[in-house]
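What follows is a short report on a single structure.
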Amino acid sequence: MRTYDLSPLFRSTVGFDRMTRLLETALSGEDNGNSYPPYNIEKLGDDQYRVTMAVAGFRPEDLEITAHPNLLVIQGKAKEQEGGTFLHRGIAGRAFERRFQLADHIRVNGAALENGLLHVELLREVPEAMKPRTIKINTGAPVAAPQIEAKAA
């Protein structure tokens, strides 16, 4: 297994701590092979995304979606199966917690459960102050810098 040393990035960057943590987590494979429940992440448009999770057998009251700054947490509560003796149990009904790191300015726009699929809609809303703006170039005489202080000669 390869290991990557990201410490040189810390010497020459400011404010990218979160990004380096994400890289370290991704490179170390801290997911531990947990693939339950399966999910898709779709890009629907320039600023629209959807997380779709297969949660067959879960009711809306068994699921909890929590949006933190830069983090989406989806939890499923385990439910007790009543009666019956299973000869084979292939439909998982165990509790789960799935975390998704979100980029800046991504917010949860809504969620829906249909046909055993949980759809969580995400929307990127960049504040007006963060959007690129065009700077007008003036032509003509150069603008003189204001004089702050003058000494008598």
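Amide H contacts of ASN109: GLU121, LEU122, LEU123, each under 5 Å away and 5 or more positions distant or on a separate chain (H built 1.01 Å from N in the peptide plane; Pro and chain starts excluded). Distances between every pair of Cα atoms in the stretch 47-153, grouped in 10 Å steps from 0 to the bin holding the largest one, split as 11, 28, 19, 11, 9, 8, 7, 4, 3, 1, 0 percent. When peptides 101-107, 84-90, 66-72 are sorted by average Cβ neighbour count within 10 Å, with the highest value leading, the order is 101-107, 66-72, 84-90.
Read-outs: derived from the displayed coordinates by stated rules, not from any lab. All of these numbers come straight from a predicted model, not from anything done at the bench. Methodologically, a virtual Cβ is constructed for each residue, glycine included, from the backbone with ideal geometry; neighbour enumeration extends over all protein chains shown.
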